[in-house]
Amino acid sequence: MAFFMKTMISNQVKSFGFGGGSEEKKEEGGTSDPAAAQGMTREEYEEYQKQVIEEKMERDAAFTQKKAE
């Protein structure tokens, strides 16, 4: 009976936002990995990021060249 009351009270407190830190941390932790959020493995995501940076550098160089002309 005491367990039932404790569960009921803790659920009410969690619904008000005063507790349940472990559940909230699990939900936040799931989205902290950008590779998982995009459906890629860590290696694929790192390669994708390298490619994006290289393309940006190429665009910046082309823009600088055009601006100098």
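The values are calculated or read from the model by the stated rules, or taken from the named source; none is laboratory data. Not measured: the values here are computed from a predicted model. When the accessible area is computed, the model is the full protein with side chains, heavy atoms only, and any ligands, DNA or RNA have been set aside. Shrake-Rupley method; radii C 1.70, N 1.55, O 1.52, S 1.80 Å.
For the set Met57, Met40, the ranking by accessible area, highest first and with no ligand, DNA or RNA atoms included, is Met57, Met40 under a 1.4 Å probe. Surface listing: Arg59, Arg42 arranged by accessible area from highest to lowest gives Arg59, Arg42, probe 1.4 Å. Phi angles across the stretch 48-57 convert, under the Karplus curve 6.51 cos²θ - 1.76 cosθ + 1.60 with θ = phi - 60°, into 3J(HN,Hα) values of 4, 5, 4, 5, 4, 5, 4, 5, 5, 5 Hz, Gly and Pro given as x. Using a probe of 1.4 Å, the accessible surface attributed to Asp60 totals some 70 Å² when neighbouring protein chains are kept in position.
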